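The values are calculated or read from the model by the stated rules, or taken from the named source; none is laboratory data. Everything numeric here is computed off the predicted structure, so don't read it as measured data. Heads up, the Cβs are rebuilt from the backbone with ideal geometry, glycines too, and the neighbour counts pull from every protein chain shown.
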């Protein structure tokens, strides 16, 4: 193993080729000529044979594109990779290590990972060292400090850069929130005589500022002879304020004064923020005045802190005075200031129930100034009153006052949130016309608004315009465009855009990965989502809880509960705290699978981690219990939910009511309904749909109708399911008149009536041999312009074939009706020729053929529709002594022949294609 202080600077072989055009062939030939017996020797020879003028990046690029290299390197084990890195110079060692890790997904040994850490420390590449160790800790997780400390002590003790790696390791542990690991590393450093940097102490102090341990850390800083920085003292003061140690905070300030330390603005800002947070605004004001005593000039943060505290305390006039003083000091209010003031005035308006108090306060002077108008515009826009904001804008312009950037930002944001993008674009043009420069925020808001409306091409065009004007974008526009592509365009377009962004080293945003992973999960492409997760880790990007929640959701939807549970373990390994959504998603999946034991284990684990279940969590548990018939246990969960102060929503009660209805315990179902009313949880139409359905199916139809009438009198709006349920129940009972009335009520209410609604009624009537009523509904369907489908026609034909009713018994079926039926329901569009033929053959056996003679007539007219098989299967009626009714109907149908021809021709050209 080499040490960075004595790393061999290997010289490449003499220059073999003078021109870059020969580089590719040189590299390929070099690889091809190597003996194939020793992969390690071949790779080392490739590095040694590379022409001298070329950078390691070009060398590694040739390896990245080499198929041979990819195939061979994946066969290497950790010891062989360690050997290669040991024999390379530092730059090539780094390039080779990260090439294998990021491009080929190779997991390196712990020893090699710390070799690379020492090389980076030797080269003083602090940022790269921090990122590298962050990646190592993400893979290893909490509790890895003991083994790392042992490795550093045994294998790297004599390395020159060893103290830098120790210090950075402690810092990275602290930044990752692994405080116990960080403290363990510090303890080992103390034993080895390695002094931590003030950066590490500051990070640890920041994480521990809400605990008593911060005293020990600060004492350790002083004991090691390290001079605390302004930031160090500021963190300690903030910790004292957060722990409500007011006297200690003031004493500490005096103590650092006695040490002849120059006070700074940061200390006073920290104290002011802490005391304002505790509600002691007067003390905060005294610290503000003390700043002038020490010759310090308050900055914008000082004023904003105090203005915020005054607004929260309701001292709006004094907050305005400080704002005016801020302007006099040459510190112009920024967006934070205006938002603080707007929020304060909005709270005042809410307390008084009107904006009148705010208007009076802001119009203390006869002529409102720019500050007053800006606050009013911010306040009205925050409350959603965009029109009043624009009215104030017109008033400003009429008085010769020019809007500032803050006002334009607020107005643009409000327009975009309400979907008024065209107006926002016009306002953006106005910003430029008045001589102001549109900023990144303005463009980002409009791009986001365009993407929400599906206008992604326009959003991309605006983004290009933004870049052309040298307005440097952040990641927000990219997120909006990618989200718009995912929601409104094919996934391939979204992936192309994503690849374009992530292939560049400039944009490494975890949110972009989260958007794509979530979209793949919603499309059911779990494999692609998992590949993106691996790519994310390969680039050293830390996943978030959103990343894992999407992956868990995907595994649950795919029924892979073991994988979903594994993702939960990975969350903990990355030192991320699982959220309520994480546990609820998993619990819902286990409930669906009927595994209540695992569900309750997750609930216990969730509560043990300090996470309180929410309404959705309890609903999931109740649903799981109900599915297994444990209704009383689900009621106990509901009671526990109420005991914890959580108010169940309609969905929770509806789930329970539905389960009791299915269990035929309608009394308990209505008791739960009454409980909802007592708790001021208004039953919704879903509640009444469940109750009426339960009464119809499991109870008494009369009770259902009485409840329906009772709710109708109180103008309760029902869902369509209520009507269809009552209609089906009345049809099954045989009360066609009530079913007809309800059906018409449903249509008059405005619900869309489909063929399925008619089919459900006709089917039930036919089953009860009420063919006359079925025909009435069938006629109602045709008159309503609803085209029949195959199912309803088959039901009708089968019922007629059983001899339920003759057309002759229904003189009300006029020629117009028959013609309408033939045009609305061409049988060849809903039945195949063979089905028509078999139906007619059945009709030949009895006298019903005389009443349906239009079938052979129609088939006769459609010879050119290649239904000759059907026609040939039809013979003449066997009974030549047809009745007068037969002759009458034949004459009627002959008169309708032209109508049939027209109907068949229309069907042929628009709806029916004959088979080859």
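Could you tell me which of the residues 170, 117 is under 22 Å from residue 223 (Cβ atoms), out of contact with any strand residue (DSSP E or B) (no Cβ under 6 Å at 6 or more places or on another chain) and assigned to a helix (DSSP H, G or I)?
Just a single option satisfies the conditions, and that option is 170.
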Residue 177 passes all but one of the listed conditions (1) farther than 27 Å from residue 240 by Cβ; (2) touching a residue at least 40 places away in the same chain (Cβ under 8 Å); (3) surrounded by fewer than 17 Cβ atoms within 10 Å (Cβ to Cβ); the exception is number (1)
Qualifying residues in region 589-618 (those that are over 21 Å from residue 559 (Cβ atoms), touching a residue at least 12 places away in the same chain (Cβ under 8 Å) and not in a helix (DSSP H, G or I)) - the one nearest to the chain's Cα centre (by Cα): 614
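On the basis of being buried (at least 23 other Cβ atoms within 10 Å of the Cβ) and either in a helix (DSSP H, G or I) or over 37 Å from the mean Cα position of the chain (by Cα) (or both), does residue 231 make the cut? Steps first, answer last, please.
Numbers: buried (at least 23 other Cβ atoms within 10 Å of the Cβ): no; either in a helix (DSSP H, G or I) or over 37 Å from the mean Cα position of the chain (by Cα) (or both): yes.
Criteria not met by residue 231.
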Some residue of region 317-336 being part of a loop (DSSP other than H, G, I, E, B), at pLDDT 60 or above and on the phi > 0 side of the Ramachandran plot: yes
Tell me, please, whether a residue that is closer than 30 Å to residue 174 by Cβ, touching a residue at least 24 places away in the same chain (Cβ under 8 Å), more than 18 Å from the chain's Cα centre (by Cα) and in a helix (DSSP H, G or I) can be found in region 577-588. no
Of all residues in region 576-594, which are at pLDDT below 90 and surrounded by fewer than 18 Cβ atoms within 10 Å (Cβ to Cβ)? 577, 592, 593, 594
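Scan region 386-426 for residues that are assigned to a loop (DSSP other than H, G, I, E, B), under 21 Å from residue 446 (Cβ atoms) and modelled with pLDDT under 90 and jot them down. Working first, answer last.
So the first thing to find is which residues in region 386-426 are assigned to a loop (DSSP other than H, G, I, E, B), and the list is 399-404, 418-420.
Pick out the ones that are also under 21 Å from residue 446 (Cβ atoms) and you get 403-404, 418-420.
Correct list: 403, 404, 418, 419.
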What tally of residues in region 729-746 results from selecting those that are out of contact with any helix residue (DSSP H, G or I) (no Cβ under 6 Å at 6 or more places or on another chain) and crowded, with 18+ Cβ neighbours inside 10 Å? 1
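Yes/no per residue for (1) surrounded by fewer than 21 Cβ atoms within 10 Å (Cβ to Cβ); (2) part of a loop (DSSP other than H, G, I, E, B); (3) in contact with a helix residue (DSSP H, G or I) (Cβ under 7 Å, 6 or more places away or on another chain):
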| site | (1), (2), (3) |
| --- | --- |
| 185 | no, no, yes |
| 188 | yes, no, yes |
| 199 | yes, no, yes |
| 214 | no, no, yes |
| 219 | yes, no, no |
| 222 | yes, no, no |
| 225 | yes, yes, no |
Kindly indicate which of 154, 107, 124 is out of contact with any helix residue (DSSP H, G or I) (no Cβ under 9 Å at 6 or more places or on another chain) and surrounded by fewer than 20 Cβ atoms within 10 Å (Cβ to Cβ). 154
